[in-house]
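The values are calculated or read from the model by the stated rules, or taken from the named source; none is laboratory data. This is a predicted model, so every value here is computed, not measured. Heads up, the Cβs are rebuilt from the backbone with ideal geometry, glycines too, and the neighbour counts pull from every protein chain shown.
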Amino acid sequence: MELKLKSGFTFDYGNLVGEGKVTKDDVKELAGKIDEANKAIKVMREEGIIRGHLSKDGTPEKVYFSQLPYVEEGHLNSPASIKHLKELTASVKNRVDAVVSLGIGGSYLGDKVIFDVQCGEFWNSMTTEERGGMPKIYFSGNNIDPRRTGDLIKELERSARIAKSHLKRKLVVDLMVISKSGGTLDTMSNFMVIYEELKKNPDIEVEVIAVTDPNEEKPTILKKLAMDNNWPQYSVPDGVGGRFSIFCDVGLVLAAVCGFDIEAFLNGAKDMDIACQNEDVWQNPALLNAVLKYIASEKYGRDMEVMMPYGDYLKSVSEWYIQLLAESLGKQVDRNGKDVYYGRTPIVAVGTTDMHAQTQQHQEGKLNKVVQFIRVENWDTDFVIPNSFPEVKKLADISGVKMSQALEVARQSNADALASNNRFNALFSLPKLDAYHLGELLYMLALTIAYEGELADVDAFNQPGVEAYKRIMGPSLQALKK
């Protein structure tokens, strides 16, 4: 059983629906909630309103993430904003040596997805020509780790010595700091340390790009710094929570500095949104995904979701999804203030790596998990496994097939084994790993969360649990100075 879109994107739910699993009768019994969820998401699309949603300040707040795939005048992503991003690409190309992206949460996780898919692990080892004139990319600000921060500074200083010795010029480093408030401890502490240390080095030219709240009447800390220092500015807009922000400037600035196809990415998201406007649950990928996972959790106790892509550079998709699911749906109270302690626990896994690490638990542990696979059907790079040692039968037996074929045999074997022991699993299949299909996948997952929030009657767009530790942390930091 599968739902396949015109693009080739496929949701195979055959190991999630049927006898001994979620049944079609289960879905029928949920018809009333499904109808209400469809109505709620339609209102969100048209008006930006989610029932009962309040900002962390307790005031009504609109939700605009479903607008982001549509590049139109008056939208958060407009022709002018896309032009501004293209200007950033032109500014860094063949001029800036390195960009340090400083952010945490969605301001890091979404950017890391784009980097992994576009650039891969060895980007910074390539020559400028091999990178198409784009800069090296580093990440910081996603933890307060003095050792790694020091190592990053040393790496940039090492590059500066090489630039001076071989190119007879300064190293140009852009610090791209992403914070709506400008007061994010993890991000701003790293930014200030790196900024001050690099400024001390006469062989490094430091530039800053600020991605922050665009409000000029009541500027945030970072906004005011950007205005005072004439730093280039990009927006962390109202109405888009960090975990949904990969589709706006927060994610697209990273896309702009590494040559990622922004238009294709947003077009993939847009086409997925159009497909998800179908009110038939069996024809709407995001709604179907939400309904099946909700029923699996609430009726069958499968309240953990293992996100298991088969591909090293998709691990960051799992990490991005962890925040999306956990922060959106891990809620103590429903919209009526009743304690419900709702939420499904997300778990990162990667095939085939975690077939050797986690699958024993998936296969024989508690019956509390849905394993969600991601597959790439056609890889840009592939190799036939050679028969290097024909005298060794076990090695000869695995030769003669493509690596991609072996990878798929491993995934399918895992899925079949899980299904044979009443272990729920499903598959998202991408025709290829590119910007368009990545946009489809990520947007479908984001919209799934919106639908599931309606089914569970919790606010998928607030994060009161995050604010709780922040209220404690501020005074504790101040106490250290006394």
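Side notes on the structure shown:
- Hits in segment 379-400 (condition: within 28 Å of Pro309 (Cβ to Cβ) and hydrophobic (A, V, I, L, M, F, W, C)): Trp379, Phe383, Val384, Ile385, Leu395, Ile398
- Hits in segment 75-102 - residues which are buried (at least 18 other Cβ atoms within 10 Å of the Cβ) and either part of a strand (DSSP E or B) or at positive phi (or both): Ala98, Val99, Val100, Ser101, Leu102
- Filter result for Leu447 (part of a strand (DSSP E or B) and surrounded by 18 or more Cβ atoms within 10 Å (Cβ to Cβ)): no
- When restricted to residues that are surrounded by 13 or more Cβ atoms within 10 Å (Cβ to Cβ), in a helix (DSSP H, G or I) and free of Cβ contacts under 8 Å to residues at least 40 places away in the same chain, segment 109-159 contains 4.
- Residue list for segment 316-336, restricted to those being buried (at least 18 other Cβ atoms within 10 Å of the Cβ) and of a type in the set (Lys, Arg): Lys331
- Listing of helices (runs of 4 or more DSSP H) fully contained in segment 309-414 that carry 1 or more residues being under 30 Å from Arg243 (Cα atoms) and in contact (Cβ under 8 Å) with a residue 24 or more places away in the chain: 315-329, 359-364
- Asp25 meets the conditions (1) out of contact with any helix residue (DSSP H, G or I) (no Cβ under 7 Å at 6 or more places or on another chain); (2) in the same structural domain as Asn378 (by TED's automatic domain parsing); (3) under 23 Å from Tyr443 (Cβ atoms) in every case but one. The failed one is (3).
- Checked against the criterion of being of a type outside the set (Phe, Trp, Tyr), assigned to a strand (DSSP E or B) and either at pLDDT 95 or above or under 28 Å from the mean Cα position of the chain (by Cα) (or both), the candidates Glu196, Glu205 yield just one match: Glu205.
- The test for being modelled with pLDDT under 95 and either surrounded by fewer than 23 Cβ atoms within 10 Å (Cβ to Cβ) or closer than 18 Å to Ala80 by Cβ (or both) holds for Thr220.
- Of all residues in segment 208-251, those satisfying the criterion of being part of a helix (DSSP H, G or I), more than 12 Å from Leu68 (Cβ to Cβ) and in contact with an Asp or Glu (Cβ under 8 Å, 6 or more places away or on another chain) are Leu222, Lys223, Met227, Arg243.
- Scanning segment 7-41 for residues that are touching a residue at least 12 places away in the same chain (Cβ under 8 Å) and farther than 18 Å from Asn289 by Cβ turns up just one, Gly20.
- Single residue of Gly14, Gly8, Gly32, Gly20 found to be out of contact with any helix residue (DSSP H, G or I) (no Cβ under 7 Å at 6 or more places or on another chain), under 21 Å from Leu447 (Cβ atoms) and not in a helix (DSSP H, G or I): Gly8
- Being in contact with a strand residue (DSSP E or B) (Cβ under 7 Å, 6 or more places away or on another chain) and assigned to a helix (DSSP H, G or I) is a property that does not hold for Glu305.
Residues are listed down the side, and each one gets a yes or a no for (1) more than 30 Å from Lys21 (Cα to Cα); (2) assigned to a helix (DSSP H, G or I); (3) of a type in the set (Val, Ile, Thr); (4) in contact with a His (Cβ under 8 Å, 6 or more places away or on another chain):
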| position | (1), (2), (3), (4) |
| --- | --- |
| Ala255 | yes, yes, no, no |
| Phe265 | yes, yes, no, no |
| Lys270 | yes, yes, no, no |
| Asp273 | no, yes, no, no |
| Glu279 | no, no, no, no |
| Trp282 | no, yes, no, no |
| Asn289 | no, yes, no, no |
| Leu292 | no, yes, no, no |
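- Inspection of segment 21-29 identifies no residue that is among the hydroxyl-bearing types (Ser, Thr, Tyr), closer than 30 Å to Asp434 by Cβ and surrounded by 14 or more Cβ atoms within 10 Å (Cβ to Cβ).
- Among the residues making up segment 160-195, those that are farther than 23 Å from Val253 by Cβ and free of Cβ contacts under 8 Å to residues at least 12 places away in the same chain are Ile162, Ser165, His166, Leu167, Lys168, Arg169.
- Among the residues listed as Gly301, Gly311, Gly259, the single one being surrounded by fewer than 18 Cβ atoms within 10 Å (Cβ to Cβ), over 22 Å from Gly343 (Cβ atoms) and modelled with pLDDT of 95 or more: Gly259
- Enumeration of residues in segment 170-193 that are assigned to a loop (DSSP other than H, G, I, E, B) and of a type in the set (Val, Ile, Thr): Thr184
- Test: residue in segment 48-62 that is in contact with a Leu (Cβ under 8 Å, 6 or more places away or on another chain) and surrounded by 19 or more Cβ atoms within 10 Å (Cβ to Cβ): yes
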